[in-house]
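Beneath this line is the structure, given in structure tokens, with notes to follow.
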Amino acid sequence: MADEGAHVSASNKEAHVNSTADANNDDLTLLRDSARKLPPELLRDLLLNGVCARCIFRLFSLHEEVCSHPSIATPVLSAILYELAECDGVNSTSTETKDLSDLEPVQNFKEEIRVCSVCLGILQYLCNDDKGILVKKECASDFAAAINDIARKEGHQVDSFSLEVSLPQIVVENEKSIWSYLKEKYSSESWFPEKFPSESIATKDFLKLSVTNPLEMLLDVKSNVSSFRIRLTYTLPDASAKNQHIKESNGCYKRRKTDHSDNFKNDSSLANVEGHDLTGSSSVEQGGDGVDSLKFPLEKGNQCCFLVIQCNRTSIYVGGRYLKYSRNVSQTRWIIDDERMGEASIEEIVGGNILPLCKGDNYKFHAAGREDIDVEALTLIYFRYSAIFISFLRLSISLKVRMLGTGRPFLVEIQNARQCPSDMLIKEMENKINSLQSKFVKVKNLKVVGSQGWELMREGEAEKQKQYAALVWIPRPLNDDDAQTLSSLKDMKIVQKTPIRVLHRRSPLEREKTIHWMKIERIAGSSQYCLLHLCTQAGTYIKEFVHGDLGRTHPSVGSILKCRAEILQLDVTDVKMDCFQV
């Protein structure tokens with residue numbers, strides 16, 4: 001029975017090989033039939049000018065026939081065109097054949113490596129790696145396999161992908177030049193309008209079309225608009241760099257706009273060539289008249305491009321709210337003269353735990369505002385000298401602010417995440433942070449959000465209201481009239497000049513802000529201390545609103561109560577924004 005099973009398996013394998021061979025022969029026959037319709041004279045001209053087989057097929061809008069068969073090797077495509085053109089310049093080790101029904105010479109065709117004068121080897125799957133070593137892939141399937149290996153090696157979780165291609169400008173100039181050359185030389189031929197299309201597919205689009213299908217099969221996902229991007233960046237050596245830059249005056253080129261957190265954004269020397277019309281005039285200056293003035297190729301001694309394959313995911317965002325219980329915890333890392341200030345930071349506690357979960361390269365922490373960790377209250381001492389009053393500011397009381405109540409909205413931006421965590425993993429991470437860091441910080445409502453979460457937070461920042469609880473001291477006993485006066489003020493407009501304490505880093509501006517309401521809470525056993533609860537417009541300087549900042553904030557609590565007022569402690573109790581609520 002075992003021998004019989006082995007015999008059946010071997011028979012199935014042989015049948016599969018024969019079926020594959022038959023399919024390949026059918027593909028070659030179809031390609032040959034399509035190419036047979038092309039004028040031999042034109043084929044010969046293009047081949048002798050060093051144009052590769054795939055460029056010839058795409059110039060005649062036969063790209064679908066080639067791209068739908070990604071496993072057909074470059075020498076096979078070349079052999080089909082060479083034998084149809086009956087070209088004397090064939091570099092082949094096989095015997096030429098006149099029998100176009102015989103496929104064996106085509107399959108055994110050996111072609112000397114010659115860089116295409118139009119695509120510079122891009123559609124021949126020839127390139128130099130980062131060490132300058134020539135790399136050759138026989139077909140689109142082999143090239144797609146190399147891309148797949150890189151994506152898999154980097155450990156990306158792929159649910160879809162988008163393919164991006166960046167080319168040197170000279171490739172586009174070559175396309176324009178050959179179009180002008182052929183139009184000038186052959187437009188009078190009767191077959192020209194029918195055989196040669198008015199527009200042809202660009203090198204970049206042909207490459208994407210040929211590689212996408214095999215890449216979809218290897219990655220087992222579909223290609224569409226995706227956060228996971230595979231980018232093929234072709235560049236020329238430094239000696240040819242002058243040919244790579246896009247001329248801003250040329251309207252058919254444009255540089256792609258990228259996200260500020262995008263790892264591709266610094267490729268300033270690359271031309272992300274979008275759609276272009278090859279029938280337009282070339283930006284390459286051409287002098288004289290007739291065919292001789294249309295030099296093709298543009299430059300002699302063409303060389304392969306260097307290729308860099310990058311796999312990158314656009315930033316993902318994990319949003320939520322945090323509460324800060326310690327006054328010695330800053331929002332972000334705070335280093336002064338190589339000395340760490342504070343016990344820890346929200347950024348490190350939250351971002352440092354989320355980054356490993358997403359397997360990203362780096363993270364950035366964004367929050368809707370911040371709490372001060374080390375801002376000093378100011379007291380004023382006057383010295384009289386020669387009838388001139390000189391003000392000296394003495395730093396006396398350190399104000400370190402907590403974040404309480406509903407918490408402050410935040411986003412952790414994970415750059416180039418290899419994995420997108422599930423809701424369950426995010427919940428586990430929330431519990432882990434809260435259990436390990438409970439004395440410092442608590443997070444809630446954690447979830448993965450798209451870029452709309454960033455937009456929602458930024459929109460809310462400008463319109464949000466914030467509530468505070470401030471411990472305030474005045475030099476006299478607080479009475480009922482004081483409490484009534486403050487609580488009666490609703491939506492009061494104040495004007496604040498840039499505080500003295502931040503003048504060294506902020507522009508000296510005048511800002512109008514709104515105090516929505518205030519309420520006094522008495523402290524038992526102390527007539528000069530109270531808790532001031534207030535709700536203000538975003539961006540209000542609370543400390544300056546209490547003590548007046550030498551008259552730079554008006555009105556202030558001190559001016560309303562007609563006495564000196566100092567703020568001793570400050571807590572944020574609520575940030576009224578819609579994002580990341582339960």
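Listed values, structure above:
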quantity	calculated
Accessible surface ranking that places the most exposed of 500, 346 first, with a 1.4 angstrom probe	500, 346
Above-threshold pairs, the threshold being 25 Å between Cα atoms, out of 464/543; 324/427; 359/432; 400/447	400/447
Net charge of Cβ neighbours under 15 Å - reference residue 430; Lys, Arg +1; Asp, Glu -1	+4
Gyration tensor (alpha-carbon) shape descriptor, the stretch 460-524, a/c threshold 1.5	prolate
Counted charge near residue 152, where neighbours are those whose Cβ lies closer than 15 Å (Asp, Glu -1; Lys, Arg +1)	-1
FRET E, pair residue 562, residue 308, Förster distance 56 Å, beta-carbon r, rounded to 0.05	0.20
Using a Förster distance of 51 Å, the FRET efficiency for residue 431-residue 64 (Cβ separation, nearest 0.05)	0.40
Gain upon complete extension [residue 419, residue 488; 0.36 nm per residue less C-alpha separation]	19.4 nm
For the stretch 149-227: span of alpha carbons on each principal axis (Å, largest first)	55, 25, 20
Calculated FRET value between residue 526 and residue 325, using beta carbons and R₀ = 30 Å, to 0.05	0.80
Under the Karplus curve 6.51 cos²θ - 1.76 cosθ + 1.60, θ = phi - 60°, whole-Hz ³J(HN,Hα) for the stretch 564-569, x wherever Gly or Pro sits	5, 9, 10, 9, 9, 9
Of all accessible heavy-atom area on the stretch 420-519, the percent that carbon and sulfur account for (1.4 Å)	51
Gain upon complete extension [residue 332, residue 138; 0.36 nm per residue less C-alpha separation]	64.7 nm
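The values are calculated or read from the model by the stated rules, or taken from the named source; none is laboratory data. Because the structure is a prediction, the values reported are computed rather than measured. Backbone-built Cβ (ideal geometry, glycine too); neighbour counts: all protein chains shown. In case anyone asks, the SASA skips ligands and DNA or RNA and just uses the protein heavy atoms, side chains included. Shrake-Rupley method; radii C 1.70, N 1.55, O 1.52, S 1.80 Å.
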